[in-house]
Amino acid sequence: MNDATGGPRARAGGTASAVAARISLPTYDVTVAPGSLDSVGDVARRVAPAHRYAVVTDGNVGPLYARRVVESFAGEPLHVVDIPAGEAQKTRANWGQVTDALLDAGCGRDTTIVALGGGVVGDLAGFVAATFMRGVPYVQVPTTLLAMVDASVGGKTGVDTPAGKNLVGAFHQPVAVIVDPAVLATLPLAHRRAGLAEALKHGIIADAGYFDRTAHDPDSLWIGAESDRVTALIARSIEIKADVVRRDEREGGLRKVLNFGHTLGHAIEAASGYALLHGEAVAIGMVLESELAERAGVADAGTAMRIREAVQRVGLPIDRPRAVEASSLLAATRGDKKARAGSAEYALPRRIGAMAGEERGWGIPVDERLVLEVLA
Ligand code: GLY
């Protein structure tokens, strides 16, 4: 975080939009502030003035929050485009439909897109922005905990295909990310917990104290969704992620660490037909991949147990769905974006707070027999 104090600033008297934290990446700021939903229009007009604005949202979030965002544009020409909610909607077909809706509305290269929703809306609208007229600006306004702490930051955009998750996409950085923790008040508990999976992941990657704090007394987190504790949790996660993205925006090396839990997690999520939330699948993936790290002699003994306990404590699943064959999961990992020469690579922890594999560019090949043992 670029705050001079080195930590999240306290909110001044709880006033709406008092900035709790601002984290700067090379080309944009992430602002975390309860009430900041009402500033989206001001921010978008300042950082990416446009002839038209387009708000892309989904059937869950739109009815709750689109009106406030629209009003924040104070009468500027603006279109709202809805997609159905759910990971199963992150498709090329919906990319085409949103693109066509913008074209039908007369949007041109001087359009700024606002992605209002969770990771699906952010990834899909971001991919539309990456490709529309060869690229237009977009603002991320994440409304799920998972999108706040992870997906909205770092410029990964894309869609799923029948062969796997996120297999078509582009790096396209947003021009601003505006996080309003107060909107978590309407997020179902399962989705809040799913977001904690990515927060735990950031702790495992870089900050053992943050890992412990995130897993400590998780039920009390939700007493007030916009509490200072939730705001601090979001800000620290973004800070850890931003620190990685600043150093390796296009995943040439270091950024691979952010994929911890995702090689098996993506395979499990796709195999569940997206019945599992992304964060739930990542939680299971982290449990399995930390076990793999110990068996491969990469992680300190006890690392996997601590991760398993933390995942359980925050109310996330630790076991993969048994209906899916281990061999099918293994096959899916070979088609993952992270695979090289047809073999999966893993991002694995050395211990809580530090990742292994720097000497190999942060991607660790693992004998498939070990993976099968862990899946057994
Ligand atoms: N969610 C992993 C990344 O953004 O690199």
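A few remarks follow.
- Estimated dipole of the stretch 280-376 in Debye, rounded to 20 [Cβ of Lys and Arg +1, of Asp and Glu -1, Cα centre]: 140 debye
- Helix 228-247 axis, angle to the chain major axis (alpha carbon atoms, nearest 10°): 80 degrees
- Taking the accessible area of the stretch 47-156, probe 1.4 Å, and keeping the other protein chains in place, the carbon and sulfur fraction comes to 52%.
- Ordering Ser220, Ala275, Ile364 by Cα displacement along the dipole of the chain toward the positive end leaves Ile364 in first place; charges were set at the Cβ atoms of Lys, Arg (+1) and Asp, Glu (-1).
- The stretch 272-290 and the stretch 40-64 have Cα centres separated by 31 Å.
- Unit charges on C-beta of K, R, D, E only; dipole of the stretch 221-364, Debye: 200 debye
- Cα centroid separation, the stretch 213-260 to the stretch 351-376 (Å): 22 Å
- Where trypsin sites (Lys or Arg not before Pro) fall in DSSP loop in the stretch 188-283, at most 15 other Cβ within 10 Å: Arg250
- The chain - accessible surface per residue (Å², probe 1.4 Å): 39 Å²
- Net charge dipole, the chain: roughly 400 debye, given to the nearest 20, about the Cα centre with Cβ charges of +1 for Lys and Arg and -1 for Asp and Glu.
- Over the chain, dividing the summed -39,500 (n - 2.57) contributions of all DSSP H runs of at least 4 residues by the number of residues returns a 222 nm mean residue ellipticity of -11500 deg cm²/dmol.
- Neighbour net charge for Leu277 - beta-carbon separation under 10 angstrom, K R +1, D E -1: -2
- Antiparallel content of DSSP bridges confined to the chain, in %, to 5: 40 percent
The values are calculated or read from the model by the stated rules, or taken from the named source; none is laboratory data. Please read all numbers here as calculations on a predicted model, not as lab measurements. When we count neighbours, we look across all protein chains shown, and the Cβ atoms used for this are built from the backbone with ideal geometry, even at glycine. We work out accessible area using only protein heavy atoms, side chains counted, and drop any ligands, DNA or RNA first. Shrake-Rupley method; radii C 1.70, N 1.55, O 1.52, S 1.80 Å.
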